[in-house]
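Here the structure is laid out as structure tokens; the discussion comes afterwards.
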Amino acid sequence: MIRKDLIIAVLVTFCFTATLFLIVPTRSIPSQSYDPMFDWNGDGKIGPADFAYLSTIFGANGTYVNVTTSILDLQTKINSLNASLISLESKVNSLNNLTVPYNSTHIDYDATTETIGWGDVDNLNLSITLDKASCLLIMFSTDANATKEAMSSNAALYVRVLLDDLVYPFPGSVGICLTPAVGNTGFFGLSDHCHSLGFGSYSYNFYQPLATLGTHTIKMQFKVTAGTGGLYNSTLTVIALPT
Ligand SMILES: [Ca+2]
């Protein structure tokens, strides 16, 4: 009977002791979580070197910086910058998809007129197709002259553009006086006479600020007020710019 009680006592003592050994080590190990804010030398652990550095600056004064707030502010700025980049990327993509319709034609012979009413310049016409409403820039350049045979009114060469066979609204139906006028001279007792105007380079840029979607035709017309007018080496170019 005594022996049985002794065995039970030994077993109870063993269990109690084992429980202490399980509890004590658990309580003896403090909770240690790595905080990079205190890892001054950046070696991935909090050690003597970090305390050594801290001791060198102990007691120092300065302006407190809330690192968390600073990081949040920086994150806000980064988010704003990122939004700007996304917007810029969208605009660049739009530019990459942008098409600029254009057309051009050229004649390399001398087109002349002796009429005082408007007439077409042969082969100086073209068409352009727009996928949306656009501003048309119509550029005309030529080597022109004007001659005058009779002693009459001044002779000058005029040009204009027809858009879809309608008189172009800009600068107006009167057209552009392209060359200087050739007139009579003979003042101060000199005999009455006149001189023809040699070929010279002239140009004019017409524009239509709001051309509608679709295909448009453009052609040049010319006229003279007297005598003969000539166009040589003429170029007609139209470019459709986004509005
Ligand atoms: Ca460290």
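When we screen Y102, Y109, Y64 for residues that are under 20 Å from D165 (Cα atoms), more than 16 Å from the ligand (Cβ to nearest atom) and either at pLDDT 90 or above or assigned by TED's automatic domain parsing to the domain that holds L163 (or both), the only hit is Y102. Would you say A49 is surrounded by 12 or more Cβ atoms within 10 Å (Cβ to Cβ) and more than 30 Å from V159 (Cβ to Cβ)? Yes.
Only one of F51, F38, F58 is modelled with pLDDT under 90 and aromatic (F, W, Y); which?
That would be F38, the only listed residue that is modelled with pLDDT under 90 and aromatic (F, W, Y).
When L54 is tested against (1) out of contact with any helix residue (DSSP H, G or I) (no Cβ under 9 Å at 6 or more places or on another chain); (2) part of a helix (DSSP H, G or I); (3) of a type outside the set (V, I, T), just one condition goes unmet, and that condition is (1). Within 16 Å of the ligand (Cβ to nearest atom) and in contact (Cβ under 8 Å) with a residue 12 or more places away in the chain, is that true of F38? Yes; evaluated as a whole, the condition is true for this residue. For the range 122-136, the criterion of being exposed (fewer than 15 other Cβ atoms within 10 Å of the Cβ), at pLDDT below 85 and more than 35 Å from the chain's Cα centre (by Cα) is met by no residue.
The values are calculated or read from the model by the stated rules, or taken from the named source; none is laboratory data. Computed from a prediction, not measured in an experiment: that's the story for all the values here. Cβ atoms come from the backbone with ideal geometry, glycine included; neighbour counts cover every protein chain shown.
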